[in-house]
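In what follows, a single structure is set out as structure tokens and then discussed.
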Amino acid sequence: MGIKSRGFKAARNATVAGAAVLGLVLGASGAASAEVNDQNRIVSDGLEVVVTQEDTFIQGVPALGGSPFNREFFHNGRGTANILGEGAADAEGTTFQFGYQFAWAGSIDGAIGVTYSTPGLELGLDPTTVVDATVTDILPQAYAELELTPAPGIEELVVAEGEFDGDFKTVQFANVHGTASGVLGAVQVRPFVRAITANGDNVTTYGQVWTV
């Protein structure tokens with residue numbers, strides 16, 4: 001999946017458990033004043049699948065270490081998948097993905113990595129109906145990496161994915177951290193959010209291009 005240019009090395013995605021990305025899920029209510037940046041929709045088996053990006057902001061920052069060949073950015077925003085129509089609440093096995101398209105002018109043994117963190121929480125119910133909440137890891141991290149070719153290129157990197165059931169899922173992106181090393185010139189970043197239904201239908205929304 002993704003955009004591949006001739007001669008490009010394949011993206012090297014770290015294994016991301018579905019629970020990790022779903023640990024970022026907020027809930028069924030979004031912000032009333034959210035700014036819709038991008039939206040796309042398809043019809044799959046009679047149901048409308050709508051994918052939205054909201055409140056997207058990608059900020060380039062000076063790279064630590066001061067190397068002229070390094071770039072850094074932070075991403076904040078929200079992605080939502082909404083399934084509409086009769087029986088939508090019973091939908092099962094929809095895959096939610098988020099990631100980026102990257103473009104670069106050239107590189108010297110270059111790579112782009114993306115990291116995010118989210119607390120892990122386990123809930124248990126004992127016979128007296130008392131709920132035990134245990135934080136299993138304060139800052140678990142997920143990481144995905146893309147190797148760059150020396151020549152100019154465009155590549156897509158899926159950062160995280162997870163399945164959900166039902167008709168709604170929203171994920172908050174808070175200070176997702178991207179780093180690029182060994183690059184010549186600026187790096188262009190375009191975020192995407194994607195929903196893939198159980199029967200394989202795919203709807204993706206691509207955001208605006210940010211230059212870092």
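The values are calculated or read from the model by the stated rules, or taken from the named source; none is laboratory data. The shown structure was predicted, so the numbers you read here are calculated from the model rather than taken from an experiment. Note that we place each Cβ from the backbone using ideal geometry, even for glycine, and neighbour counts take in every protein chain shown.
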Tally of residues being closer than 21 Å to Tyr206 by Cα and not aliphatic (A, V, I, L, M) across region 61-120: 23
Note on region 22-53: residues under 13 Å from the mean Cα position of the chain (by Cα) and either loosely packed, with under 15 Cβ neighbours inside 10 Å or at pLDDT 95 or above (or both) are Val51, Thr52, Gln53
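Test Thr129 against the stated conditions and say whether it is at pLDDT below 95 and under 30 Å from Ala89 (Cα atoms).
Yes, satisfied.
If you go through region 179-206, how many residues are more than 12 Å from the chain's Cα centre (by Cα) and in contact (Cβ under 8 Å) with a residue 60 or more places away in the chain?
Counting residues in region 179-206 that are more than 12 Å from the chain's Cα centre (by Cα) and in contact (Cβ under 8 Å) with a residue 60 or more places away in the chain gives 18.
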Tally time: how many residues in region 60-104 are assigned to a strand (DSSP E or B), closer than 21 Å to Pro152 by Cα and not hydroxyl-bearing (Ser, Thr, Tyr)? 9
